[in-house]
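Novice: Let me begin by handing over the structure; questions about it come next.
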Amino acid sequence: MPTPAAYQFDRFLRYDELREWIDDLAVTHPDLVTVETYGTSHEGRDLVLVTVTDSATGAHDTKPAHWVDASIHAVELTATVAACFLLHHLVEGHANGDPTVREALATRAFYVAPRVNPDGAEWALADSPKPRRSSTRPWPYADAHRWPGLHRGDIDGDGRILQMRIADPDGAWMAHPDDVRLMVPLPLAGVPAGTPRYRLLAEGEVVDHDGFTVPTPRPPEGLDLNRNFPAGWAKGTLGAGEHPMSEPEIDALVRAVVARPNVCGYNAFHTSGGVLLRPSSTQADTALPPADLWAWGELAAIGTELTGYPVHSVFEDFTWDKSAVMAGAADDWAYEHLGVFSWTTEFWDVVHAATGVKQSPDLWYVGPTPEQALDVLRWTDEHAPDWFGQWRPFDHPELGPVELGGWQFPGVWTNPPPTRLRAEVEPHARFAVAQALASPRLEIRHQRVIPLGDDTWRIEVGIANTGWLPTDVTARARKESLVRPIVAEIGGAGVEVVGGPARQQLGQLSGRAGTRFTMGVDGTPDRALVSWTVTASNGAVATVTVAHDRAGRTQGEMTLAR
């Protein structure tokens, strides 16, 4: 099993390995790392949450926090590597004196769920892999009925899932003229007579084959956990489940985030595309608050600078059919229901690795061009030769003579090869830290005790939000009153408030981002002054506690002395 020191982020960990690595990290860094279970998966595996903060400067729930989760989709294994590298970056940065990491851990907390869908990942990593997009729970038919047609799988038992090609005069595929291994679509104008044509299928079994047609039904496990969140949930969305949060993994995750109201930012790690995606998945940008779009843009500039990944709106840039939106996604839920800035990171763009040119958002729908596919094949030959199979004859139990070969599933189109994993995920740890440090943060900047005579005093406390974001984080949260106001309370032995409440609400405070909209005349929208009149004996100590769900909790003490 890999120890924290031994794991080099150069392979995908099975569940037991991952759990041991995480537990060892907590043992090695007890002052920074705690591990807990926030739920149980469909197959009974613990869902693990790692909390990282400097406990010497306060508990995690007294600080603003940034949430990261990974691998909600079974084959998107790079995401877990990225989450683990973030944990490594935090603990090693703290140990090595990295000033940015130390500041982040002293003043903020990080919540990291390295594998939201452990069941699906175990299927994908098995010696004989079972490819599923997401959950392993049978749905929509509880009996896991396999409808007639092709079901992807390792039909020859070699531990790989490749492609199948069948010679067919009506086939829509042909060999690339520059490399006969590569299957490419026939051009619109057709091909000369006598050109070999093929029908292309995924490797797998054909259930109830009728001898002529090969339907491609969804697998018996048809859920998509990233369509099961409450935001915009719709029964008609492919893989949505019976109702919002019907799946134990999503029910547990939503409850874990909501139980931590100090979460100020949210990032879900996925593959692939090499992009940073932001909400909305269901609405045009014109339906979002302009102030939020501006703030996302400022964060996006940092994200692109640190990672090289461009930023896109899911609806505007990645939705092929605007009438068939991707509802029920995690990032939409975090923004719409919690009012925090959220992201989906899609790691890895193999087209960019092979050509130096970013792939088009349309690639998710129409696939690569023949030229791109050829460039990727040549890149794969050099960097991951085992992930493309040479075509060879195979006697298929239902289809008869076919050839097996081509692209391995999931392969380089979904995850980078092991030699590229660490370099791909490393910059994103710095982006997570930058987002955390943008969060609001309450600090006491002014304290004053004014004697009024006869053991009566007026106490003043000045509170400031020293973070970049406002205390309620987004304009959406402010508009819909999603965040409770700042509360200041005074107490202490023998300290009694007169003429007013000991506990006061102070509303919300602007952050440094707000200065961009003041035309150089700031005022003090980031500050609040609160006062109490109290009675107490000379020398008594008054304690003021200032708390906000997102901006943290801080205390100040004042000795009442003439």
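Residue by residue, here is whether (1) touching a helix residue (DSSP H, G or I) at 6+ places or on another chain (Cβ under 7 Å); (2) surrounded by 20 or more Cβ atoms within 10 Å (Cβ to Cβ); (3) closer than 20 Å to Tyr266 by Cα holds:
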| residue | (1), (2), (3) |
| --- | --- |
| Asp24 | no, no, no |
| Glu43 | yes, no, no |
| His60 | no, no, yes |
| Thr78 | yes, yes, yes |
| Val81 | yes, yes, yes |
| Phe85 | yes, yes, yes |
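Novice: Also, I was wondering about something else. Considering only segment 235-250, I want to know if a residue exists there that is under 15 Å from the mean Cα position of the chain (by Cα) and buried (at least 21 other Cβ atoms within 10 Å of the Cβ).
Specialist: yes
Novice: Is at least one residue of segment 392-407 hydrophobic (A, V, I, L, M, F, W, C), in contact with a Lys or Arg (Cβ under 8 Å, 6 or more places away or on another chain) and at pLDDT 95 or above?
Specialist: Checked segment 392-407: at least one residue is hydrophobic (A, V, I, L, M, F, W, C), in contact with a Lys or Arg (Cβ under 8 Å, 6 or more places away or on another chain) and at pLDDT 95 or above.
Novice: Please list, ordered by residue number, the strands (runs of 3 or more DSSP E) wholly in segment 1-86 having 1 or more residues that are in contact with a Phe, Trp or Tyr (Cβ under 6 Å, 6 or more places away or on another chain), in contact (Cβ under 8 Å) with a residue 40 or more places away in the chain and not hydroxyl-bearing (Ser, Thr, Tyr).
Specialist: The qualifying strands (runs of 3 or more DSSP E) are 46-52, 65-70.
Novice: Here are some residues: Ala142, Ala106. Which one is over 21 Å from the mean Cα position of the chain (by Cα), among the small types (Gly, Ala, Ser), surrounded by fewer than 24 Cβ atoms within 10 Å (Cβ to Cβ) and in a helix (DSSP H, G or I)?
Specialist: Testing whether each residue is over 21 Å from the mean Cα position of the chain (by Cα), among the small types (Gly, Ala, Ser), surrounded by fewer than 24 Cβ atoms within 10 Å (Cβ to Cβ) and in a helix (DSSP H, G or I) leaves just Ala106.
Novice: Can you pull out every residue in segment 292-317 that is in a helix (DSSP H, G or I) and either crowded, with 18+ Cβ neighbours inside 10 Å or in contact with a His (Cβ under 9 Å, 6 or more places away or on another chain) (or both)?
Specialist: Within segment 292-317, Asp292, Ala295, Trp296, Leu299, Ala300, Gly303, Leu306, Thr307, Val314, Phe315 qualify.
Novice: Does segment 202-216 contain any residue that is free of Cβ contacts under 8 Å to residues at least 12 places away in the same chain, assigned to a loop (DSSP other than H, G, I, E, B) and among the aliphatic types (A, V, I, L, M)?
Specialist: no
Novice: Could you list, in sequence order, the residues of segment 393-425 that are more than 21 Å from the chain's Cα centre (by Cα) and among the hydroxyl-bearing types (Ser, Thr, Tyr)?
Specialist: Result: Thr419, single match.
Novice: Could you go through segment 502-518 and let me know if any residue there is in contact with an Asp or Glu (Cβ under 6 Å, 6 or more places away or on another chain), crowded, with 21+ Cβ neighbours inside 10 Å, not in a loop (DSSP other than H, G, I, E, B) and not hydrophobic (A, V, I, L, M, F, W, C).
Specialist: Within segment 502-518, not a single residue is in contact with an Asp or Glu (Cβ under 6 Å, 6 or more places away or on another chain), crowded, with 21+ Cβ neighbours inside 10 Å, not in a loop (DSSP other than H, G, I, E, B) and not hydrophobic (A, V, I, L, M, F, W, C).
Novice: Say we look at segment 374-391 and pick out the residues that are charged (D, E, K, R) and either farther than 18 Å from Gln359 by Cβ or in contact with a His (Cβ under 6 Å, 6 or more places away or on another chain) (or both); which of these is modelled with the lowest pLDDT?
Specialist: Asp386
Novice: Would you please name the residue that is farthest from Trp391 (Cα to Cα), looking only at residues in segment 217-250 that are touching a strand residue (DSSP E or B) at 6+ places or on another chain (Cβ under 7 Å) and not in a loop (DSSP other than H, G, I, E, B)?
Specialist: Filtering segment 217-250 for residues that are touching a strand residue (DSSP E or B) at 6+ places or on another chain (Cβ under 7 Å) and not in a loop (DSSP other than H, G, I, E, B), the one farthest from Trp391 (Cα to Cα) comes out as Pro248.
The values are calculated or read from the model by the stated rules, or taken from the named source; none is laboratory data. Just so you know, these numbers come straight off a predicted model, no measurement behind them. Please note: Cβ atoms are built from the backbone with ideal geometry, for glycine as well, and neighbour counts cover all protein chains shown.
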